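The values are calculated or read from the model by the stated rules, or taken from the named source; none is laboratory data. Remember, it's a predicted structure, so these values are computed and weren't measured experimentally. Positions of Cβ are backbone-derived with ideal geometry, glycine not excepted, and every protein chain shown enters the neighbour counts.
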Amino acid sequence: MSLPRIAFTAAEQEAAQEALAQLIALYGQTPEDDADVIVALGGDGFMLESMHRFIDRAVPIYGMNRGTVGFLLNSYRPEQLPERVSRAQTVTLHPLVMTAETADGNRHHALAINEVSLHRQTRQAAKLRIRVDRKIRLDELICDGLLVATPAGSTAYNLSAHGPILPIGSGLLALTPVSAFRPRRWRSALLPHKAMVSVEVLELQKRPVSAVADFTEIRDVVSVDVVEDRSISIDLLFDPEHNLEERIIAEQFLP
């Protein structure tokens, strides 16, 4: 088996930069355009940045944790790295596409690997109308915000908002409110991955809302459409003992 050509990239934190220097000294550095795989060194935030950065390259990414939580990353071990990468299992993710129309009439597009979220901009709660595949499902939701999360993102902001954890490959999206005031008892919904979620902002002048697709924030939105784009694939590599699918299942049984 031929060993992969690796390009290393690292977050700015000291631990990540030290790991970068160590690995380049051991294995050299392949130019990114010639690499068979990208090895990303940092935390989950940097891993997410790397996925966005290389989304047009169709090159797999193998992350190693030099940050805090490291849910999307493998453990850091410098020895026999090319062999580990060769044995790694692939998990394929598909991003969400957010289309947001703003009060000035402009339309903005952005990709989200974890989630698209809407947030109130002032002290006033947001007032939203939710459609799924153009059918009104909630005529009025009064809340601090709303999330549309992918399985990969379901253990991030979505989980902290008490949304459901979605196994990779489940073919589902999570629709989760943030601090819902009315209706009080609505907690979340599970939607098929093909569904289009459309959110209309009500009382825009009194209750302005911003929309965020991972790192891209659009303020003063009038409406937001969210749909998964299966034409875009992101391949992540995991050691067999740290497979993302297993970690997401295990997360549901934590005390």
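Candidates in region 45-73 are the residues that are closer than 25 Å to SER2 by Cβ and modelled with pLDDT of 95 or more; of these, the one that is surrounded by the fewest Cβ atoms within 10 Å (Cβ to Cβ) is VAL59.
Residues that are among the small types (Gly, Ala, Ser) and either assigned to a helix (DSSP H, G or I) or surrounded by fewer than 21 Cβ atoms within 10 Å (Cβ to Cβ) (or both) do not occur anywhere in region 142-149.
Quick test for you: out of SER233, SER198, SER188, SER223, pick the one residue that is farther than 16 Å from GLN121 by Cβ, surrounded by 15 or more Cβ atoms within 10 Å (Cβ to Cβ) and either within 15 Å of the chain's Cα centre (by Cα) or in contact (Cβ under 8 Å) with a residue 60 or more places away in the chain (or both). Just a single option satisfies the conditions, and that option is SER198. Listed by first and then second residue, the pairs with beta-carbon distance under 6 Å, at least 6 apart or on different chains, first residue in region 142-156 and closer than 20 Å to ARG230 by Cα, second buried (at least 24 other Cβ atoms within 10 Å of the Cβ) and hydroxyl-bearing (Ser, Thr, Tyr), are LEU147/SER117; LEU147/THR176. Residue count for region 44-69 satisfying the condition of being hydrophobic (A, V, I, L, M, F, W, C), assigned to a strand (DSSP E or B) and under 16 Å from ILE234 (Cβ atoms): 1. Of the residues screened, LEU41 is not one that is in contact (Cβ under 8 Å) with a residue 12 or more places away in the chain and either over 24 Å from SER233 (Cβ atoms) or in a helix (DSSP H, G or I) (or both).
Taking the stated definitions as given, is ARG207 free of Cβ contacts under 8 Å to residues at least 60 places away in the same chain, surrounded by fewer than 19 Cβ atoms within 10 Å (Cβ to Cβ) and either among the basic types (Lys, Arg) or not in a strand (DSSP E or B) (or both)? No, not satisfied.
For region 7-38, residues that are part of a helix (DSSP H, G or I) and surrounded by 19 or more Cβ atoms within 10 Å (Cβ to Cβ) total 4.
Conditions (1) closer than 30 Å to VAL224 by Cα; (2) out of contact with any strand residue (DSSP E or B) (no Cβ under 6 Å at 6 or more places or on another chain), marked per residue:
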site: ALA15; (1), (2): no, yes
site: GLY28; (1), (2): no, yes
site: VAL37; (1), (2): no, no
site: GLY43; (1), (2): yes, yes
site: MET51; (1), (2): yes, no
site: ASN65; (1), (2): no, yes
site: GLN80; (1), (2): no, yes
site: MET98; (1), (2): yes, no
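Would you check if there is a residue in region 110-119 being touching a Ser or Thr at 6+ places or on another chain (Cβ under 9 Å), over 15 Å from ALA211 (Cβ atoms), in contact (Cβ under 8 Å) with a residue 40 or more places away in the chain and assigned to a strand (DSSP E or B)? No, region 110-119 contains no residue that is touching a Ser or Thr at 6+ places or on another chain (Cβ under 9 Å), over 15 Å from ALA211 (Cβ atoms), in contact (Cβ under 8 Å) with a residue 40 or more places away in the chain and assigned to a strand (DSSP E or B).
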